[in-house]
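Single-structure report; data block below.
The values are calculated or read from the model by the stated rules, or taken from the named source; none is laboratory data. Quantities reported herein were computed from a predicted structural model and do not represent experimental measurements. Glycine gets a Cβ as well: all are built from the backbone with ideal geometry, and neighbour counts include every protein chain shown. To get the accessible areas, we keep the full protein, side chains included, count just its heavy atoms, and leave off ligands, DNA and RNA. Shrake-Rupley method; radii C 1.70, N 1.55, O 1.52, S 1.80 Å.
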Amino acid sequence: MGGLFSSSALDKATLNVVQAQLAEGGVNTGNVLECSLIDNDRGGTFYIKFEQRETVMRVWDVHCSWWAFEFARQGEREVTALRLAREAGVEVPHILASGKVEMASKTRHYMVSDFVANAREDDWEESEPPQRFANLAVAVLKKLASNSNLTAAKLTEQGFLKEGESITDFSLPYMPDHKSVLKYCRERAQETGNTAAIAAVERVTDLFDGVEPLPCGPCLVHSDIHPGNLLVDKDFKLLGVVDWEEAAISDLRLDVAQACLASMNRDLIWSMFEEETGMTLGEKKPWMALVAIMRFMVSVQIEWYEKIGKEVPDRNLSGWESLCGDAEELLIEFDLLPNPEVAVA
(Lines give C-alpha, C1' and ligand atoms only; values in the text may rest on other atoms or scores of the structure.)
Protein backbone atom coordinates (compact mmCIF):
# COMPACT_ATOMS: atom_id res chain seq x y z
CA MET A 1 0.00 0.00 0.00
CA GLY A 2 2.96 2.29 -0.36
CA GLY A 3 4.53 4.47 2.31
CA LEU A 4 3.16 5.61 5.62
CA PHE A 5 1.03 8.33 4.04
CA SER A 6 0.60 8.69 0.29
CA SER A 7 0.32 12.16 -1.25
CA SER A 8 -3.43 11.68 -1.75
CA ALA A 9 -4.15 10.17 1.65
CA LEU A 10 -6.57 11.54 4.21
CA ASP A 11 -5.25 14.43 6.29
CA LYS A 12 -4.47 13.93 9.96
CA ALA A 13 -7.46 15.98 11.14
CA THR A 14 -9.88 13.77 9.22
CA LEU A 15 -8.22 10.64 10.56
CA ASN A 16 -8.52 11.96 14.11
CA VAL A 17 -12.27 12.50 13.64
CA VAL A 18 -12.71 9.00 12.22
CA GLN A 19 -10.68 7.43 15.01
CA ALA A 20 -12.75 9.24 17.61
CA GLN A 21 -16.01 8.03 16.05
CA LEU A 22 -14.67 4.49 15.88
CA ALA A 23 -13.75 4.68 19.57
CA GLU A 24 -17.25 5.93 20.42
CA GLY A 25 -18.59 2.77 18.80
CA GLY A 26 -16.30 0.60 20.89
CA VAL A 27 -13.81 -0.11 18.10
CA ASN A 28 -10.23 -0.01 19.38
CA THR A 29 -7.73 0.84 16.66
CA GLY A 30 -4.50 2.13 18.12
CA ASN A 31 -2.34 4.52 16.11
CA VAL A 32 -2.49 4.93 12.34
CA LEU A 33 0.37 3.04 10.70
CA GLU A 34 -0.52 3.57 7.07
CA CYS A 35 -3.03 5.48 4.96
CA SER A 36 -3.33 5.53 1.17
CA LEU A 37 -5.83 6.12 -1.60
CA ILE A 38 -7.12 2.96 -3.27
CA ASP A 39 -9.58 4.55 -5.70
CA ASN A 40 -10.48 8.19 -6.34
CA ASP A 41 -13.81 7.37 -7.97
CA ARG A 42 -16.99 8.89 -6.49
CA GLY A 43 -15.36 10.63 -3.56
CA GLY A 44 -12.57 8.25 -2.67
CA THR A 45 -11.78 4.88 -1.11
CA PHE A 46 -8.91 4.74 1.37
CA TYR A 47 -6.94 1.95 2.98
CA ILE A 48 -6.21 2.72 6.64
CA LYS A 49 -4.01 0.40 8.65
CA PHE A 50 -4.26 0.90 12.38
CA GLU A 51 -2.17 -0.87 14.99
CA GLN A 52 -5.02 -3.21 15.82
CA ARG A 53 -6.89 -3.67 12.52
CA GLU A 54 -6.93 -2.97 8.79
CA THR A 55 -9.84 -0.95 7.44
CA VAL A 56 -11.30 0.60 4.30
CA MET A 57 -12.94 4.02 4.35
CA ARG A 58 -15.42 5.08 1.67
CA VAL A 59 -16.11 8.79 1.18
CA TRP A 60 -18.96 10.05 -1.00
CA ASP A 61 -18.90 13.11 -3.21
CA VAL A 62 -21.14 13.99 -6.18
CA HIS A 63 -22.03 10.60 -7.57
CA CYS A 64 -23.44 9.51 -10.94
CA SER A 65 -26.00 6.99 -9.74
CA TRP A 66 -28.53 4.93 -11.67
CA TRP A 67 -31.15 6.22 -9.32
CA ALA A 68 -30.42 9.88 -8.57
CA PHE A 69 -27.86 12.61 -8.04
CA GLU A 70 -29.11 13.13 -4.51
CA PHE A 71 -25.83 12.18 -2.87
CA ALA A 72 -26.61 13.64 0.53
CA ARG A 73 -27.83 10.24 1.75
CA GLN A 74 -25.34 8.14 -0.24
CA GLY A 75 -23.43 6.89 2.79
CA GLU A 76 -26.65 6.07 4.62
CA ARG A 77 -27.83 4.14 1.56
CA GLU A 78 -24.76 1.94 1.39
CA VAL A 79 -24.93 1.18 5.11
CA THR A 80 -28.60 0.18 4.76
CA ALA A 81 -27.82 -1.95 1.70
CA LEU A 82 -25.04 -3.78 3.53
CA ARG A 83 -27.33 -4.50 6.46
CA LEU A 84 -30.06 -5.81 4.15
CA ALA A 85 -27.53 -7.92 2.25
CA ARG A 86 -26.29 -9.44 5.49
CA GLU A 87 -29.93 -10.15 6.41
CA ALA A 88 -30.15 -12.18 3.19
CA GLY A 89 -26.96 -14.10 4.01
CA VAL A 90 -24.71 -12.34 1.48
CA GLU A 91 -21.02 -12.07 2.42
CA VAL A 92 -20.30 -8.35 2.89
CA PRO A 93 -17.62 -6.33 4.72
CA HIS A 94 -18.32 -5.65 8.39
CA ILE A 95 -19.25 -2.00 9.01
CA LEU A 96 -17.30 -0.39 11.86
CA ALA A 97 -18.55 3.20 11.69
CA SER A 98 -20.37 5.66 9.45
CA GLY A 99 -21.15 9.34 9.66
CA LYS A 100 -20.06 12.73 8.38
CA VAL A 101 -16.67 14.39 8.19
CA GLU A 102 -15.31 17.70 6.88
CA MET A 103 -13.03 17.23 3.88
CA ALA A 104 -11.83 19.87 1.42
CA SER A 105 -14.28 22.41 2.85
CA LYS A 106 -17.22 20.05 2.31
CA THR A 107 -19.29 17.89 4.63
CA ARG A 108 -19.07 14.37 3.27
CA HIS A 109 -20.59 11.07 4.26
CA TYR A 110 -18.20 8.24 5.03
CA MET A 111 -18.23 4.59 6.03
CA VAL A 112 -15.43 2.52 7.58
CA SER A 113 -15.45 -1.26 7.24
CA ASP A 114 -13.00 -4.05 7.93
CA PHE A 115 -10.46 -4.65 5.17
CA VAL A 116 -11.13 -7.93 3.34
CA ALA A 117 -7.83 -9.76 3.55
CA ASN A 118 -6.55 -12.40 1.12
CA ALA A 119 -8.65 -11.14 -1.79
CA ARG A 120 -7.22 -11.54 -5.27
CA GLU A 121 -6.13 -8.25 -6.82
CA ASP A 122 -5.78 -9.41 -10.42
CA ASP A 123 -8.41 -9.17 -13.17
CA TRP A 124 -9.23 -12.85 -12.84
CA GLU A 125 -12.31 -12.70 -15.04
CA GLU A 126 -10.10 -12.14 -18.10
CA SER A 127 -8.35 -15.48 -17.71
CA GLU A 128 -11.18 -17.58 -16.27
CA PRO A 129 -14.08 -19.20 -18.17
CA PRO A 130 -17.49 -17.44 -17.91
CA GLN A 131 -18.73 -20.27 -15.69
CA ARG A 132 -16.50 -18.99 -12.86
CA PHE A 133 -18.21 -15.61 -12.65
CA ALA A 134 -21.62 -17.19 -13.28
CA ASN A 135 -21.26 -19.52 -10.30
CA LEU A 136 -20.37 -16.64 -7.99
CA ALA A 137 -23.01 -14.25 -9.35
CA VAL A 138 -25.85 -16.78 -9.19
CA ALA A 139 -24.91 -17.71 -5.60
CA VAL A 140 -25.21 -14.02 -4.60
CA LEU A 141 -28.41 -13.47 -6.59
CA LYS A 142 -30.08 -16.49 -4.99
CA LYS A 143 -29.33 -15.15 -1.52
CA LEU A 144 -30.68 -11.72 -2.37
CA ALA A 145 -33.83 -13.32 -3.78
CA SER A 146 -34.33 -15.27 -0.56
CA ASN A 147 -35.26 -12.06 1.29
CA SER A 148 -38.04 -10.98 -1.04
CA ASN A 149 -41.45 -9.29 -0.84
CA LEU A 150 -39.75 -6.29 0.78
CA THR A 151 -42.81 -4.19 1.46
CA ALA A 152 -42.98 -1.40 4.02
CA ALA A 153 -44.47 -3.88 6.50
CA LYS A 154 -41.62 -6.37 6.09
CA LEU A 155 -38.95 -3.67 6.25
CA THR A 156 -40.55 -2.45 9.49
CA GLU A 157 -40.60 -5.99 10.83
CA GLN A 158 -36.87 -6.36 10.03
CA GLY A 159 -36.05 -3.04 11.71
CA PHE A 160 -35.22 -1.02 8.60
CA LEU A 161 -38.23 1.28 9.02
CA LYS A 162 -39.60 2.63 12.28
CA GLU A 163 -43.22 2.13 13.23
CA GLY A 164 -45.31 4.72 11.46
CA GLU A 165 -42.72 5.46 8.74
CA SER A 166 -43.72 5.04 5.11
CA ILE A 167 -41.66 3.61 2.29
CA THR A 168 -40.80 7.17 1.21
CA ASP A 169 -38.77 7.46 4.44
CA PHE A 170 -36.60 4.50 3.45
CA SER A 171 -32.99 5.36 2.62
CA LEU A 172 -32.80 3.12 -0.47
CA PRO A 173 -34.63 3.86 -3.72
CA TYR A 174 -37.88 1.86 -3.76
CA MET A 175 -38.67 0.79 -7.32
CA PRO A 176 -40.62 -2.44 -6.77
CA ASP A 177 -41.29 -3.31 -10.41
CA HIS A 178 -40.35 -2.45 -13.98
CA LYS A 179 -43.19 0.08 -14.26
CA SER A 180 -41.79 2.20 -11.45
CA VAL A 181 -38.27 2.05 -12.94
CA LEU A 182 -39.56 3.03 -16.39
CA LYS A 183 -41.59 5.88 -14.87
CA TYR A 184 -38.46 7.13 -13.15
CA CYS A 185 -36.42 6.95 -16.38
CA ARG A 186 -39.19 8.68 -18.32
CA GLU A 187 -39.33 11.55 -15.84
CA ARG A 188 -35.56 12.01 -15.99
CA ALA A 189 -35.60 11.98 -19.79
CA GLN A 190 -38.42 14.52 -19.93
CA GLU A 191 -36.64 16.75 -17.42
CA THR A 192 -33.61 16.96 -19.72
CA GLY A 193 -35.63 17.37 -22.91
CA ASN A 194 -33.30 14.91 -24.65
CA THR A 195 -35.37 13.60 -27.55
CA ALA A 196 -33.24 10.48 -28.07
CA ALA A 197 -33.59 9.56 -24.40
CA ILE A 198 -37.35 10.12 -24.43
CA ALA A 199 -37.71 7.93 -27.52
CA ALA A 200 -35.44 5.23 -26.08
CA VAL A 201 -37.49 5.02 -22.87
CA GLU A 202 -40.67 4.54 -24.88
CA ARG A 203 -39.05 1.79 -26.96
CA VAL A 204 -37.94 -0.01 -23.81
CA THR A 205 -41.47 0.38 -22.43
CA ASP A 206 -42.82 -1.42 -25.51
CA LEU A 207 -40.52 -4.37 -24.80
CA PHE A 208 -42.29 -4.88 -21.46
CA ASP A 209 -45.70 -5.38 -23.01
CA GLY A 210 -47.17 -8.40 -21.20
CA VAL A 211 -44.41 -8.63 -18.56
CA GLU A 212 -45.79 -9.16 -15.06
CA PRO A 213 -44.14 -8.76 -11.64
CA LEU A 214 -42.70 -11.91 -10.11
CA PRO A 215 -44.84 -13.62 -7.43
CA CYS A 216 -41.99 -13.25 -4.90
CA GLY A 217 -42.21 -9.47 -4.97
CA PRO A 218 -39.26 -7.01 -4.79
CA CYS A 219 -35.94 -7.70 -3.10
CA LEU A 220 -32.64 -5.93 -2.54
CA VAL A 221 -30.78 -5.49 -5.82
CA HIS A 222 -27.08 -4.65 -5.94
CA SER A 223 -27.45 -3.07 -9.43
CA ASP A 224 -23.77 -3.51 -10.32
CA ILE A 225 -22.79 -7.18 -9.98
CA HIS A 226 -19.60 -7.72 -11.96
CA PRO A 227 -16.34 -9.59 -11.24
CA GLY A 228 -14.63 -6.51 -9.80
CA ASN A 229 -17.25 -6.23 -7.06
CA LEU A 230 -16.93 -9.87 -5.99
CA LEU A 231 -13.90 -10.29 -3.73
CA VAL A 232 -12.54 -13.84 -3.96
CA ASP A 233 -9.50 -15.69 -2.63
CA LYS A 234 -7.00 -17.70 -4.67
CA ASP A 235 -9.42 -20.65 -4.73
CA PHE A 236 -12.31 -18.40 -5.83
CA LYS A 237 -14.11 -18.62 -2.53
CA LEU A 238 -16.33 -15.55 -2.19
CA LEU A 239 -14.99 -13.30 0.59
CA GLY A 240 -17.31 -10.35 0.15
CA VAL A 241 -19.51 -8.35 -2.20
CA VAL A 242 -18.63 -4.64 -2.28
CA ASP A 243 -19.82 -1.33 -3.81
CA TRP A 244 -23.48 -1.30 -2.80
CA GLU A 245 -23.97 2.40 -3.57
CA GLU A 246 -26.30 1.60 -6.52
CA ALA A 247 -28.48 -0.71 -4.41
CA ALA A 248 -32.26 -0.41 -4.41
CA ILE A 249 -35.40 -2.40 -3.71
CA SER A 250 -36.63 -3.66 -7.05
CA ASP A 251 -37.44 -6.65 -9.25
CA LEU A 252 -34.65 -9.24 -8.98
CA ARG A 253 -34.56 -9.58 -12.78
CA LEU A 254 -32.92 -6.17 -12.90
CA ASP A 255 -29.94 -7.60 -11.00
CA VAL A 256 -29.86 -10.84 -13.00
CA ALA A 257 -29.84 -8.83 -16.24
CA GLN A 258 -27.05 -6.55 -14.98
CA ALA A 259 -24.96 -9.62 -14.13
CA CYS A 260 -25.67 -11.08 -17.58
CA LEU A 261 -24.38 -7.91 -19.22
CA ALA A 262 -21.20 -8.14 -17.12
CA SER A 263 -20.56 -11.70 -18.32
CA MET A 264 -18.80 -12.95 -21.43
CA ASN A 265 -21.78 -15.31 -21.83
CA ARG A 266 -25.04 -13.39 -21.44
CA ASP A 267 -27.26 -16.48 -21.51
CA LEU A 268 -25.46 -18.44 -18.82
CA ILE A 269 -26.41 -16.54 -15.65
CA TRP A 270 -30.06 -16.11 -16.66
CA SER A 271 -30.52 -19.82 -17.40
CA MET A 272 -28.50 -20.93 -14.35
CA PHE A 273 -30.60 -18.79 -12.03
CA GLU A 274 -33.82 -20.27 -13.43
CA GLU A 275 -32.50 -23.82 -13.14
CA GLU A 276 -31.21 -23.46 -9.58
CA THR A 277 -34.23 -21.59 -8.20
CA GLY A 278 -37.04 -23.13 -10.24
CA MET A 279 -38.22 -19.60 -11.05
CA THR A 280 -39.36 -18.56 -14.52
CA LEU A 281 -37.88 -15.16 -15.34
CA GLY A 282 -39.26 -14.80 -18.87
CA GLU A 283 -37.36 -13.04 -21.64
CA LYS A 284 -34.14 -11.34 -20.63
CA LYS A 285 -34.01 -8.76 -23.45
CA PRO A 286 -36.45 -6.28 -21.85
CA TRP A 287 -34.48 -6.33 -18.60
CA MET A 288 -31.09 -5.91 -20.28
CA ALA A 289 -32.57 -3.04 -22.27
CA LEU A 290 -33.84 -1.49 -19.03
CA VAL A 291 -30.34 -1.71 -17.52
CA ALA A 292 -28.99 -0.08 -20.69
CA ILE A 293 -31.44 2.84 -20.53
CA MET A 294 -30.61 3.40 -16.86
CA ARG A 295 -26.90 3.62 -17.71
CA PHE A 296 -27.65 5.91 -20.62
CA MET A 297 -29.75 8.22 -18.45
CA VAL A 298 -26.73 8.82 -16.21
CA SER A 299 -24.79 10.36 -19.10
CA VAL A 300 -27.84 12.29 -20.32
CA GLN A 301 -28.51 13.66 -16.84
CA ILE A 302 -24.91 14.74 -16.34
CA GLU A 303 -24.96 16.60 -19.68
CA TRP A 304 -28.17 18.30 -18.57
CA TYR A 305 -26.85 19.29 -15.16
CA GLU A 306 -23.73 20.78 -16.77
CA LYS A 307 -25.94 22.95 -18.96
CA ILE A 308 -27.99 24.30 -16.06
CA GLY A 309 -24.98 24.82 -13.80
CA LYS A 310 -25.47 22.05 -11.24
CA GLU A 311 -22.50 20.31 -9.63
CA VAL A 312 -21.74 17.05 -11.41
CA PRO A 313 -19.23 14.20 -11.07
CA ASP A 314 -15.72 14.70 -12.38
CA ARG A 315 -15.54 13.46 -15.97
CA ASN A 316 -11.97 12.25 -15.33
CA LEU A 317 -13.16 9.67 -12.82
CA SER A 318 -12.39 6.10 -13.72
CA GLY A 319 -15.22 4.37 -15.51
CA TRP A 320 -16.93 7.55 -16.81
CA GLU A 321 -16.05 7.06 -20.47
CA SER A 322 -16.68 3.31 -20.43
CA LEU A 323 -20.03 3.84 -18.69
CA CYS A 324 -21.30 6.24 -21.34
CA GLY A 325 -19.84 4.28 -24.24
CA ASP A 326 -21.19 0.94 -23.05
CA ALA A 327 -24.65 2.42 -22.53
CA GLU A 328 -24.89 3.80 -26.05
CA GLU A 329 -23.52 0.59 -27.57
CA LEU A 330 -26.16 -1.43 -25.75
CA LEU A 331 -28.97 0.88 -26.84
CA ILE A 332 -27.81 0.64 -30.44
CA GLU A 333 -27.56 -3.15 -30.13
CA PHE A 334 -31.15 -3.34 -28.86
CA ASP A 335 -32.30 -0.90 -31.59
CA LEU A 336 -33.39 1.68 -29.06
CA LEU A 337 -31.60 4.72 -30.48
CA PRO A 338 -33.17 5.89 -33.74
CA ASN A 339 -30.27 8.26 -34.35
CA PRO A 340 -27.10 7.44 -32.32
CA GLU A 341 -25.48 10.73 -33.35
CA VAL A 342 -27.94 12.69 -31.18
CA ALA A 343 -27.70 10.32 -28.20
CA VAL A 344 -26.40 12.98 -25.83
CA ALA A 345 -27.38 16.46 -26.92
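Surface exposure of the chain, expressed per residue as accessible area with a 1.4 Å probe, stands at 45 Å².
Kirkwood radius, region 143-186, all distinct C-alpha pairs, inverse of mean reciprocal distance: 11.6 Å. Spin-label pair R203-A13: with each label point 7 Å from Cα along the Cα-Cβ axis, the two points sit 5.1 nm from one another.
Indicate the gyration tensor shape class of region 187-315 (rounded, prolate or oblate), computed on the Cα atoms with a ≥ b ≥ c the square roots of the eigenvalues: a/c under 1.5 is rounded; otherwise a/b larger than b/c is prolate and the rest oblate. Oblate, because a/c is 1.5 or more while a/b does not exceed b/c. Ligands, DNA and RNA left out, the accessible area of the chain computed with a 1.4 Å probe is 47% carbon and sulfur.
Over all projection directions, the Cα-based convex hull of region 158-250 averages an area of 9.2 nm². Extension gain, I38 to K183: 0.36 nm times the residue separation minus the Cα-Cα distance gives 48.6 nm. Among rounded, prolate and oblate, which fits region 102-194 when a ≥ b ≥ c are the square roots of the eigenvalues of its C-alpha gyration tensor, a/c under 1.5 means rounded, and a/b larger than b/c means prolate? In terms of gyration-tensor shape, rounded. From largest to smallest, the equivalent ellipsoid semi-axes obtained for the chain from the alpha-carbon gyration tensor read 32, 24, 21 Å. Extending 7 Å from Cα along the Cβ direction at Q158 and again at T277 yields two label points whose distance is 1.4 nm.
Taking a straight line from the alpha carbon of K285, these lysines sit under 23 Å away, with near neighbours fewer than eight places off in the same chain left out: K142, K179, K183. Under the combined filter of DSSP loop state and at most 14 neighbouring Cβ atoms within 10 Å, region 216-269 retains these trypsin sites (Lys or Arg not before Pro): K234, K237. Selection among G75, V211, G228 by position relative to the dipole of the chain gives G75 as farthest towards the positive end (Cβ unit charges, Cα centre). In loop segments of region 89-193 as defined by DSSP, the trypsin sites (Lys or Arg not before Pro) with at most 11 further C-beta atoms inside 10 Å of their C-beta are K162. The magnitude of the dipole of the chain, with charges of +1 and -1 set on the Cβ of Lys/Arg and Asp/Glu and taken from the Cα centre, is near 760 debye. If R0 is 25 Å, the Cβ-Cβ spacing of F236 and E333 corresponds to a FRET efficiency of close to 0.25.
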